[in-house]
Amino acid sequence: MRKLLKYLNPIAQLGNRRYSLVLPTLTVIISCILLELLVHFMVLDQSSAGIYAIFISLVLVLYFSFHDGIIGGIIASALIILYYFYIMFTRRYMGSQLVAGIQTTVLLGLIYGFMSVIIGWLKQTIDILIEREADERQRLQTIIQQLPVGVLITDHSGRVLVTNRQADTIMGIKIPLGYVVGTDALVTSGKGRTPTSAAKFPLMQALGSGRAIVGKEYLLDRTDGKKRHVQISASAIHNKEGKVIAAASIINDITQQKELEKRKDDFVNMASHELKTPITSMKLYIDTLSLRLAKSADEKSVKIIRNIKNQTDKLQQIVNDLLDVSRLQTGKLTFTKEQFRLDHLLKETVDVLQQSAMKQQLVLTKTVPTKVTADKFRIYQVVTNLITNAIKYSGETTPINISLSRNSQFAVVSVQDFGIGIAKDQQRKIFERLYQVTDDTGKTFPGFGMGLYIAQQIITSHKGKIWVESSKGKGSTFYFSLPIQPKPSTIIHDGKSKTKKNPRRRR
Ligand code: ADP
């Protein structure tokens, strides 16, 4: 019954391009027969029957033009005209009555025909448009379903409107349409221990902030017990008025990539641990040898020994950096905090490095007495890295300016060189792990791209900031800041502080 009512409702049939010829034909014939029966059994008198006939015809033509397009309207009109002729014939119209009857019929026929064409054409055009839109939607759905990444599109309240197979596969559950993202603990946080609150889920963040959240990584604790590493990006979608109306999110399964990275990290960690001991022994032997040869050896031998020592120091530095990177990756890099004078540390570092920078001049342009509470050795490591980079990436004759300034909260150290500089688009990337700037031919400078990554991790773990201002070809100024309010001695584990009474040096 409901189906029949739906079929008869012309509005519900919009978009359906299967037009019926039977329905208008049967309905008009039945209507005419009914009208004839009503007249025959004197329910309607002859004169008012004509008016009823015109009114019913009009309704039928309108209805079928809108229900079955031009063809429906034309069939209804044609049958009605035939009925009018039938009336004239059976009522024996003669003379002027016949002429008036024919004239009226022709006029009504033209009106009905015109109405059928206009309304039918409108109906058919609407049908085509609706069908086209449905096709577009279907095509979009097919594309989204077959994308190699997970897709999740929600409305402004986080209710899922569109999802695809890949999203279900990655999440390990069927994400139902209408499910409100964030109401269930689908995702666990970075280390996989605590469930991520709804506010942290990138989609909710994008909806909340109206901005795009790019490449957030999570460890997914799936309901089937499997763990997957996923990378999620989400973006808020705004209407013309700038109001957030939806959010779209892309989910990538990066488990394989992570496993590969872990294997590489494990290998680097193992290799650098294995290298550490022989290098330490080598250094000891070289020191002993240089002491022994100090008096007897000729100048050439002393030079050779000095070169071996320098190269071993470099090797040790690389291995130490590798170990640091590896510790940072596993969250095992610890910091021993103590209170010390940053200005003194800067001066000492500049003096030490000036000896190896034969030609370049290191100038301490400005310094203020500043006490900080930090890991002295690690801060020394950061300053050394910035100054050795400045030496490495600038000409032999240009000076390198080092300064220390402070405000009420932070001490700021800057290292300025007038060397090759760094292009704008590379300036953020140089702090990434193993990132090296390439020159115009695609070549990199010697190095491993670890120093600035380690420096950044050290500084941010001390609640400071590190940044660069640079202009390609003109030089760079690297800055880092450290908070200066005094604090008790602490050990920081992977950025989280714990108080410790007797700090001990590692390495
Ligand atoms: P690397 O061992 O390769 O020097 P870093 O992490 O210290 O590693 O530096 C990363 C990249 O940043 C370098 O490859 C270099 O291209 C760029 N860079 C660092 N410091 C400077 C500088 N002072 N001037 C120009 N480029 C620099």
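The values are calculated or read from the model by the stated rules, or taken from the named source; none is laboratory data. Please read these numbers as outputs of a predicted model, since none were measured by experiment. Note that we place each Cβ from the backbone using ideal geometry, even for glycine, and neighbour counts take in every protein chain shown. In case anyone asks, the SASA skips ligands and DNA or RNA and just uses the protein heavy atoms, side chains included. Shrake-Rupley method; radii C 1.70, N 1.55, O 1.52, S 1.80 Å.
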Checklist entry - Name the trypsin sites (Lys or Arg not before Pro) in region 1-64 that are in a loop by DSSP and that have at most 10 other C-beta atoms within 10 Å, would you? => result Arg18
Checklist entry - Efficiency by 1/(1 + (r/R0)^6): what FRET value for His156 and Tyr7, r their Cβ-Cβ distance, R0 = 51 Å, to the nearest 0.05? => result 0.90
Checklist entry - Using mean Cβ contacts within 10 Å as the protection proxy, how do 299-312, 388-401, 141-154 order, highest first? => result 388-401, 141-154, 299-312
Checklist entry - So what is the 222 nm mean residue ellipticity for the chain from helices alone, if each DSSP H run of at least 4 adds -39500 (n - 2.57) and you divide by all residues, rounding to the nearest 500 deg cm²/dmol? => result -17500 deg cm²/dmol
Checklist entry - At each listed q (0.05, 0.11 Å⁻¹), what is the log10 of I(q)/I(0) that the Debye formula gives for the chain modelled as equal alpha-carbon point scatterers? => result -0.45, -1.09
Checklist entry - Gln145 to Leu129: extension gain in nm, 0.36 nm per residue of separation minus the Cα-Cα distance? => result 3.3 nm
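Under the √(5λ) rule applied to the eigenvalues of the Cα gyration tensor, what semi-axes describe the equivalent ellipsoid of region 285-440? Give them in Å, descending. Kindly include the intermediate steps, with their values, before the conclusion.
Numbers: eigenvalues 171, 85, 81 Å².
Over the Cα atoms of region 285-440, the semi-axes work out to 29, 21, 20 Å.
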Checklist entry - How big is region 359-450 by the Kirkwood estimate over distinct Cα pairs, in Å? => result 14.9
Checklist entry - Can you list the HN-Hα couplings for region 362-374, worked out from phi with the Karplus curve (6.51, -1.76, 1.60; θ = phi - 60°), rounded to whole Hz and with x for Gly and Pro? => result 8, 10, 8, 6, 8, 8, 10, x, 9, 9, 10, 10, 7
Checklist outcome for this item: In whole percent, the fraction of accessible protein surface over the chain that belongs to carbon or sulfur atoms, probe radius 1.4 Å, stands at 61
Checklist entry - Computed over the Cα atoms of region 1-129, what is the convex hull's projected area averaged over all directions, in nm²? => result 8.3
Checklist entry - Relative contact order (percent) for the chain, with alpha-carbon contacts under 8 angstrom and 6 or more residues of separation? => result 8
Next on the checklist: What's the ranking of 333-340, 321-328 by average number of surrounding C-beta atoms within 10 Å, highest first?
Outcome noted: 321-328, 333-340
Checklist outcome for this item: Burial-style ranking of 218-231, 281-294, average other-beta-carbon count within 10 Å with highest first, yields 218-231, 281-294
Checklist entry - Let a ≥ b ≥ c be the square roots of the eigenvalues of the Cα gyration tensor of region 111-160; is it rounded (a/c under 1.5), or, if not, prolate (a/b larger than b/c) or oblate? => result oblate
Checklist entry - Rg and Dmax of region 408-458, using alpha carbons, in Å: what are they? => result 13.0, 46
